[in-house]
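First comes the structure, then the notes that go with it.
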Amino acid sequence: MAINKADLKTPGKSTQLRQLLMSPKLEFIMEAHNGISARIVEQAGFKGIWASGLAMSAQFGVRDSNEASWTQVVDMLEFMSDITHIPILLDGDTGYGNFNNMRRLVKKLEQRKIAGVCIEDKQFPKLNSFIDGERQPLADINEFCGKIKAGKDSQQDPDFCIIARIEAFIAGWGLSEALRRAEAYHKAGADGVLIHSKLSRPNEILEFAKEWAGRSPLIIVPTTYYSTPTEVFRRAGISMVIWANQMIRASVAAMEKIIRRQC
Ligand code: SPV
Ligand code: MG
């Protein structure tokens, strides 16, 4: 069988994602929600893709609340993965169930060359972080650690990444709860932690970053504090910024603009 030389040179997608997480530089990945948006993100020069739950739900025309089934999400990921060469990090919501669902998810993601999955410590069905955050119950810490461990145990590719997303600030808890959870998830084997905040300023995530002090790669999603200069994140030792919904917003705005002209 002929060997494709390009394959020899380019590390696999999961290795690329791991390299981005471990890179001493601040890295950026961009949301995509279907094949064409994934292709555009890659062509623009981004080194990775955030397969956003919100954006994928929106392009199906449903709420960001697990109304699309996990297999429908995986089917869409296959189109995105087939058309791109850069790593895809799936926003895996709460893992679509318990530790057994997580095991099956990881297996199916690896089969489709998805580089990693991020799961958040809330309950299934999840609700978007910016809706009634304070009324959203968090997952039991031990149960969530079990999901992380189950995912890590079932991966075949050593570079496949599992990121633990902490929703403590979103649900109205403070820094100590966020840190307690992050440490537990780190010990359970998470390859990085994502700390989420709904403030319009980066105060919470900066306090967290200071205390976390580089224990593992730290990821943020500046959806609400988007106007913060990225230099602030760089100085705080953040590893990766996710631009989480720019592509879906841009496409909706473009469609609305063009359709108005036809009326
Ligand atoms: C998503 O992109 O679906 C996210 C990020 O989870 S956010 O909507 O900003 O919480
Ligand atoms: Mg999401």
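The values are calculated or read from the model by the stated rules, or taken from the named source; none is laboratory data. All values derive from a computational prediction rather than experimental measurement. Don't worry about glycine lacking a Cβ; one is built from the backbone with ideal geometry, like all the others, and counts go over all protein chains shown. Only protein heavy atoms, including side chains, enter the accessible area calculation; ligands, DNA and RNA are left aside. Shrake-Rupley method; radii C 1.70, N 1.55, O 1.52, S 1.80 Å.
From 150, 184, 168, which residue is within 24 Å of residue 29 (Cα to Cα) and among the small types (Gly, Ala, Ser)? Even if it seems obvious, please write down each step before you answer.
On the way: 150 fails: within 24 Å of residue 29 (Cα to Cα); 184 fails: within 24 Å of residue 29 (Cα to Cα).
Being within 24 Å of residue 29 (Cα to Cα) and among the small types (Gly, Ala, Ser) holds for just one of 150, 184, 168, which is 168.
Return a yes/no flag: does the range 14-32 have any residue that is in a loop (DSSP other than H, G, I, E, B), surrounded by 20 or more Cβ atoms within 10 Å (Cβ to Cβ) and among the charged types (D, E, K, R). No, the conditions are met nowhere in the range 14-32.
So in the range 77-100, with the set limited to residues that are without any contact (Cβ under 8 Å) to a residue 40 or more places away in the chain and either assigned to a loop (DSSP other than H, G, I, E, B) or more than 20 Å from residue 194 (Cβ to Cβ) (or both), which one is farthest from ligand 2 (Cβ to nearest atom)? Ranking the qualifying residues of the range 77-100, first place goes to 78. For the range 202-221, the candidate set comprises residues that are closer than 20 Å to residue 162 by Cα, not small (Gly, Ala, Ser) and not in a helix (DSSP H, G or I); within that set, the residue that is most open to solvent (accessible area, probe 1.4 Å) is 215. Per the conditions (1) under 18 Å from the mean Cα position of the chain (by Cα); (2) surrounded by 21 or more Cβ atoms within 10 Å (Cβ to Cβ), the sole criterion not satisfied by residue 150 is (1).
All conditions but one from (1) hydrophobic (A, V, I, L, M, F, W, C); (2) loosely packed, with under 15 Cβ neighbours inside 10 Å; (3) assigned to a strand (DSSP E or B) apply to residue 242; the one that does not is (2). Of all the residues in the range 157-170, those that are touching a helix residue (DSSP H, G or I) at 6+ places or on another chain (Cβ under 6 Å) and surrounded by fewer than 22 Cβ atoms within 10 Å (Cβ to Cβ) number 2. Given the structure, is residue 67 more than 16 Å from ligand 1 (Cβ to nearest atom) and not basic (Lys, Arg)? No; evaluated as a whole, the condition is false for this residue. The lone criterion from (1) free of Cβ contacts under 8 Å to residues at least 12 places away in the same chain; (2) closer than 25 Å to residue 103 by Cα; (3) β-branched (Val, Ile, Thr) left unmet by residue 74 is number (1). Reported count of residues in the range 104-133, each being in a loop (DSSP other than H, G, I, E, B), in contact (Cβ under 8 Å) with a residue 60 or more places away in the chain and either crowded, with 21+ Cβ neighbours inside 10 Å or within 15 Å of ligand 2 (Cβ to nearest atom) (or both), is 9.
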